[in-house]
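Shown next, in structure tokens, is the structure this report addresses.
Only the coordinates and a few stated rules stand behind these numbers; no lab work does. The shown structure was predicted, so the numbers you read here are calculated from the model rather than taken from an experiment. Virtual Cβ from ideal backbone geometry, glycine too; neighbours counted across all protein chains shown.
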Amino acid sequence: MTKKEFINLISNGHEDVIGAFLKLLDDNGIDYCIIGGLGVNAYVEPVVSLDIDIVIVADAIERLIMKAGNYFKTERFPHSINLKSPRSDLRIQVQSDQRYQKFISRSTIKNVMGYDMKVAAIEDILTGKIWAFLDKERRKSKRQKDLADIFRIIEQFPELKKLIPDSMGYIEF
């Protein structure tokens, strides 16, 4: 079984939603980078997630929503737009928080779960995970996953421990 077959199997996928989404971005010239747990998986031992967190260039968000309308159901939130296909349990979360825009220019192509995609630099992924962990409005279970991802990154890249803010100093890294 290939990595693509595995992710589509666990996501109850009746079609290749990740492939279709990446093609949609490519066909429409929309620059992006993967962040979040899938981004972490590009650098450390992967764990299964049904979320794809992505940043796209800010001026392409409305175009993406329009182009995705035939394939995905869209739902807007204060700092994200979620795309969902009825043919899979995968959730694509487009981050609209402007802080993430600078990540795109530092991203590189990596193979993640059998897909070649642009992934944010590991320092940027760590920064995003720290922002998410420190966001007191996020559910505690999500923040715990963010903290676990921070630990996964620091274990693989101990030199990045210097990026951990003092406000997280009570946690033993």
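For labels at Val57 and Leu134 in the simple 7 Å Cα→Cβ model, what's the distance in nm?
Once both label points are built, they end up 2.9 nm from each other.
Can you give the calculated 222 nm mean residue ellipticity of the chain, where each DSSP H run of n ≥ 4 adds -39,500 (n - 2.57) and the sum is split over every residue, rounded to the nearest 500 deg cm²/dmol?
Details: 6 runs with 63 residues, N = 173.
Rounded to the nearest 500, it is -11000 deg cm²/dmol.
Once the other residues with Cβ under 14 Å from the Cβ of Arg106 are scored (Lys, Arg +1; Asp, Glu -1), what is the net sum? Let's see the in-between values first.
Working: positive: Arg99, Lys102, Lys110, Lys118; negative: Asp31, Glu123, Asp124.
Within the 14 Å Cβ shell, the charges total +1.
For a footprinting-style exposure proxy, rank Ile30, Ile122, Ile35 by other Cβ within 10 Å, fewest first. Please list the in-between numbers first.
Numbers: Ile30 16, Ile122 19, Ile35 26.
The fewest-first ordering by Cβ neighbours comes to Ile30, Ile122, Ile35.
Each residue of the range 91-96 in order: what ³J(HN,Hα) in whole Hz does its phi give by Karplus 6.51 cos²θ - 1.76 cosθ + 1.60, θ = phi - 60°, with x for Gly and Pro?
Result, ordered by residue: 10, 9, 10, 8, 6, 10 Hz.
Given labels modelled 7 Å from the Cα in the Cβ direction, how far is it in nm from Lys67 to Leu163?
2.8 nm
Under the Karplus relation 6.51 cos²θ - 1.76 cosθ + 1.60, θ = phi - 60°, what is the ordered set of whole-Hz ³J(HN,Hα) values for the range 130-141, x standing for Gly and Pro?
With the stated coefficients, the range 130-141 comes to 5, 4, 5, 4, 7, 6, 5, 7, 6, 4, 4, 5 Hz.
Which GluC sites (Glu not before Pro) from the range 72-173 combine a DSSP loop assignment with at most 12 other Cβ atoms within 10 Å? Mind dumping the intermediate values first?
On the way: sites: Glu75, Glu123, Glu137, Glu155, Glu159, Glu172; in loops: Glu137, Glu172.
Answer by residue number: Glu137, Glu172.
Starting from the Cα-Cα distance between Lys84 and Asn111, subtract it from 0.36 nm times their residue separation and give me the gain in nm to one decimal. Provide the component values of the computation, followed by the final result.
Numbers: separation 27, 0.36 × 27 = 9.72 nm, distance 2.26 nm.
Additional length available on full extension: 7.5 nm.
Could you tell me the center-to-center distance, by alpha carbons, between the range 87-139 and the range 153-167 in angstrom?
After rounding, the separation between the Cα centres reads 17 Å.
Run down the lysines and flag those whose C-alpha is under 20 Å from the C-alpha of Lys110, throwing out any fewer than 8 positions away in its chain.
Lys3, Lys4, Lys23, Lys102, Lys118, Lys129
I want to verify a result. In a Gaussian network model of the chain, Cα cutoff 10 Å, which of these has the top mean-square fluctuation: Pro46, Pro78, Pro158?
Pro78
Could you give me the ³J(HN,Hα) list for the range 43-51, computed from phi with Karplus coefficients 6.51, -1.76, 1.60 and θ = phi - 60°, whole Hz, x at Gly and Pro?
With coefficients 6.51, -1.76 and 1.60, one gets 10, 10, 3, x, 10, 6, 8, 9, 9 Hz.
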